[in-house]
Amino acid sequence: MAYQILHKNSSRPLPESSCCDDPLKTLSLELVRDTLVRIEDSIVFALIERARFPLNSHAYDASYLGNHRGHGERSIAEVFVRETEVIEAKLGRYQNPEEIPFFADDLASPFVPAFNYTQVLYPAAASVNVSKDIWDMYFKKLLPLIASEGDDGDYVSAAAADLVCLQVLSRRIHYGRQVAEVKFSDAPQDYSPAIRAKDRNFLMKLLTFESVEEMVKKRVEKKAKVFGQDVTLNDKNNSTDFDGEPKCKVDPSVVGRLYSEWVIPLTKVVEVEYLLRRLD
Ligand SMILES: O=C(O)C(=O)C[C@]1(C(=O)O)C=C[C@@H](O)C=C1
């Protein structure tokens, strides 16, 4: 698996998994931003799906199951994620450099033939990982905002929906590594002095585009409004809230807040941490 130096200004779209050895397939800031835009759709749909279920707090209570196979107390949600990652690792999910497990300690080597993913990340920087922050943010902050109070007993469906949310949030946030790689290879002369000086604040300043962040926040709110409406053939039957606005399956302002308070800041942490290792 060769490490591929990135080239900018490619007009050819790159798949989300840069998984080909075609040297013409290259990354640019425009292309990595296109990928971030596409992942927004998956995030909004995943949140809508989780919001179908009430909070189901037993699914997150580590004492509810008792001792899990001698591993101590784990919640249904944690068991669900760990066990899914075990099988997905065996089937090669984490060969893809864009996928990072939440519980890497439990995983066996894949038994599927190795796929030759093109390595676009700088090897010494590729290990940047904020999975623990994503996990805590999701369960402690986000979930109570998207799920209504209550318990319908369907804990496994709620946990399955949580897993989809967690995986897509992780893919989006850790895609900060690819974004940082492109920014560095576009302007090594700008980034290298700050990397050598380990100047986190200056790196943060260099990689920040406030106008892009504003656009992202507005767009995800709009997506939550559009994707979250009931679609009927008769507009008169569409349900509306108190202000006469169409009712949404997940509150668009919560999706905007998810991005402004957690997704974008964590993506930027990934970018800074990646850059700090970019000259190792
Ligand atoms: O588009 C970029 O340049 C990114 O780095 C991604 C992102 C984001 O998370 O959406 C993060 C930082 C920038 O300030 C703008 C947007």
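The values are calculated or read from the model by the stated rules, or taken from the named source; none is laboratory data. Since we're looking at a predicted model, the values are computed, not measured. Cβ atoms come from the backbone with ideal geometry, glycine included; neighbour counts cover every protein chain shown. Each accessible area value is taken on the protein alone, full model and side chains, heavy atoms only, with ligands, DNA and RNA left out. Shrake-Rupley method; radii C 1.70, N 1.55, O 1.52, S 1.80 Å.
Key figures for this structure:
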| quantity | calculated |
| --- | --- |
| Verdict on Leu31 being in contact with a helix residue (DSSP H, G or I) (Cβ under 6 Å, 6 or more places away or on another chain) and farther than 26 Å from Leu145 by Cα | no |
| Any chance Asp230 is touching a Lys or Arg at 6+ places or on another chain (Cβ under 9 Å), farther than 16 Å from Val255 by Cα and away from the ligand (no atom under 16 Å from the Cβ) | yes |
| Failed item, numbered, when Leu275 is tested on (1) more than 22 Å from the chain's Cα centre (by Cα); (2) more than 22 Å from Leu143 (Cα to Cα) | (1) |
| Pairs where the first residue, in region 44-57, is among the β-branched types (Val, Ile, Thr) and the second is assigned to a loop (DSSP other than H, G, I, E, B), C-beta under 6 Å, 6+ apart | Ile48/Gly228; Ile48/Lys249; Ile48/Val250 |
| Output for region 43-60, where each listed residue is under 14 Å from Lys223 (Cα atoms) and either within 15 Å of the ligand (Cβ to nearest atom) or in contact with a Cys (Cβ under 8 Å, 6 or more places away or on another chain) (or both) | Ile43, Val44, Ala46, Leu47 |
| Qualifying positions in region 245-263 - part of a helix (DSSP H, G or I) and surrounded by fewer than 21 Cβ atoms within 10 Å (Cβ to Cβ) | Pro252, Ser253, Val254, Gly256, Arg257, Ser260, Glu261, Trp262 |
| Enumeration of residues in region 198-231 that are farther than 19 Å from Ile146 by Cα and among the charged types (D, E, K, R) | Lys198, Asp199, Arg200, Lys205, Glu210, Glu213, Glu214 |
| Hits in region 7-42 (condition: within 16 Å of the ligand (Cβ to nearest atom), within 15 Å of Gln167 (Cα to Cα) and either small (Gly, Ala, Ser) or modelled with pLDDT under 95 (or both)) | Glu16, Ser42 |
| Members of region 181-230 that are assigned to a loop (DSSP other than H, G, I, E, B) and either open to solvent by 90 Å² or more (accessible area, probe 1.4 Å) or over 22 Å from Thr26 (Cα atoms) (or both) | Ala197, Lys198, Asp199, Thr208, Phe209, Gly228, Gln229, Asp230 |
| When residues of region 254-268 are limited to those that are within 10 Å of the ligand (Cβ to nearest atom) and hydrophobic (A, V, I, L, M, F, W, C), the one farthest from Ser42 (Cα to Cα) | Leu266 |
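Yes/no matrix, rows are residues, columns are (1) more than 29 Å from Val32 (Cα to Cα); (2) within 12 Å of the ligand (Cβ to nearest atom); (3) acidic (Asp, Glu):
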| position | (1), (2), (3) |
| --- | --- |
| Tyr155 | yes, no, no |
| Ala159 | yes, no, no |
| Asp162 | no, no, yes |
| Glu181 | no, yes, yes |
| Gln189 | no, no, no |
| Val216 | no, yes, no |
| Lys249 | no, no, no |
